[in-house]
Structure formats: C-alpha cells, structure tokens
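Trainee: The structure is given below, and queries will be raised subsequently.
The values are calculated or read from the model by the stated rules, or taken from the named source; none is laboratory data. Remember, predicted model here, so these are calculated numbers, not experimental data. Note: areas computed on protein heavy atoms with side chains; ligands, DNA, RNA excluded. Shrake-Rupley method; radii C 1.70, N 1.55, O 1.52, S 1.80 Å.
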Amino acid sequence: RTFYILTLLTVGLFIASGCIIDETGDIEAEVYGRIKVDMAKDSDPTLAGWPNAAGNGNSAPGVDHAPTRDANFAITPRESRLGVKMSGSGITGVAEWDFYAGATENKPNLLLRKLFIKMDLDNGLSLLAGQDSDVFSPLLPAVLNYGWGWNAGNPGYRRPQFRIEYKGKDSLEGFLAQLALARDMDRTDHERPDIQARVAYGMEGSVPFTVGVSYVTGETGDPAVDTFDLSAVAVDFVVKPHDMIVIRGEYHTGENLPTYLA
C-alpha cells in the first residue's frame, strides 16, 4: 500500500512539474551513464559477488551460495548504467536504470534503480518523492562486483520514499537534515513505513570534511507469522586531505536489518 501511495504521489508531482515547466519553457535535460564490463575467475564461488549464469551476483539476497564447481569464470556488462535528469523551475526529475533485472545473461531486462522528483521550496527546504537511495547509512563503497558490500557488513539500499530535506544557509552553511518515510522491502504489507533520519555537517577549507549521524526504525517479518522491530544507528564521515585522496568510513549498530542488507 505504501508503494502505491508513493507511486501516485510521484506521478502527481511529475504532472505538476510538467505544468510548471510548460508555462515557463525553462527546462534542462541531461543524459548520463556508463558502460562497465567486469571479469573475474573465482576459486571459491561461495565468496564471489560476480554474476552467475542467471546474471545475479552471489551477494544478492535469495541466491544459493552452495558451490556448483571448483572455480567460476564470469564476465558481464550488466552493471552498465543509463540515466536521465530533467530540471527546471526548482523541480528536478531523475530516472536511472541498470541491466540486472532477471532474464538470461544475454537478454537482460532493465532494472529501475531510481525514479524520483524533487521540488525545491523556500528557506532551504525540499521535498522528494519516488525511489531513491536510503537516508540511513548513505555511504556505499566503490567495488568491482555488484553489491557494494551488501550482506557483508555494509547496509544501504534504494526504496520508494517520501522525503523532506533541509539544507542550511548562511550561518548554517553545510548543515543538512533529512527525514524520510520509506517502504519496507519485505514483500509483505506492514502497518507503518520505515522512518529514516539523518543530520550531517560539512565544511570546506584546507581539509574538507563531512560527518553525519543517521537512524532508522521500522518493522520486518511476515505479519501473518511474526514481525520484529528493526532499528539501527550509523555514523559516517568523509575527509579529503588531498585533491587525490578521499577517506570515507561508516559504523553502524542495530538489529533485525535483513531488508537493509546489513
């Protein structure tokens, strides 16, 4: 139900933005993406995050981790990405895909990564509706294989959400506060959405840095059988001591986090 509500809200905002843009005629469009090809030979498929014959990495939820052979060679271009960003009159819309949506390896389907619209309001406020990355635990490591550390200690995903954001100005330059109502990804209906929140502060200077604290609370499990409260808190930081060096880190603790792939 939460998904359908967010979908209707997103469509409504797209329609509203279309009306505004049509009146002003001020719109910019940007097409972006990448072509990425990964190759690997793993001596132990149980440790691999590379695509199997179905095109899914072993790091993906629901994939059988049992080894099927002594070694595994994989090559795939399916993490290539395509996106469209449109903006005008204080409104931004983004649609982004990769090619990990099932089907056979050489006949992949598009996987919808992101689809959201963001409206800038006065005084540093903005609203976002659609599917975007989590507010909780926002850092994802750059990895060769598909998964970004999922199910190996690093939480974070993409999910339908409605988000309000405040970015400070003047004396609060660099301050960021976010609050989101997000759909749980248990494939079951829960009475309430997940609540995610994050506050962060960043400063430019000789050593630019950003530090943030985030929190999530919600529900997981099958309501027909049993449900469990999920909750977690995370601390993240980014430091850039040199133009060619960026240090990023994150620590989290919590419980019942299967839908956050932690």
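Trainee: Under 5 Å between amide H atoms, partner at least 5 residues away or on a different chain: which partners does N151 have, H built in plane at 1.01 Å?
Mentor: When sequence neighbours closer than 5 places are left aside, the close amide H contacts are A262.
Trainee: If the reach is capped at under 19 angstrom between alpha carbons, list the lysines near K114, excluding any in the same chain fewer than eight residues apart.
Mentor: K36, K85
Trainee: Let me ask you something else. What are the ³J(HN,Hα) couplings of segment 228-234, residue after residue, when phi is run through the Karplus curve with 6.51, -1.76, 1.60 and θ = phi - 60°? Round to Hz, x for glycine and proline.
Mentor: 9, 7, 9, 7, 6, 10, 9
Trainee: For segment 134-262, what D do you get in µm² per second when you plug the Kirkwood radius from alpha-carbon pairs into Stokes-Einstein at 10 °C and 1.306 mPa s?
Mentor: Details: Rh = 15.9 Å.
The diffusion coefficient I find is 100 µm²/s.
Trainee: Over segment 117-233, with the other protein chains present, what is the accessible area per residue in square angstrom, probe 1.4 angstrom?
Mentor: Values: 5960 Å² over 117 residues.
That works out to 51 Å² per residue.
Trainee: Something else: Expressed as a whole percentage, what fraction of the accessible surface of segment 102-241 belongs to carbon and sulfur atoms when a 1.4 Å probe is rolled over the protein heavy atoms?
Mentor: Of all accessible area on segment 102-241, carbon and sulfur atoms account for 58 percent.
Trainee: Quick one: which residues, 5+ away or cross-chain, put their amide H under 5 Å from the amide H of A101? H built at 1.01 Å from N.
Mentor: Those qualifying (amide H under 5 Å, at least 5 residues apart or on another chain) are N109, L111.
Trainee: Kirkwood-based Rg over Rh for segment 73-204 (C-alpha set), two decimals?
Mentor: My calculation puts Rg/Rh at 1.01.
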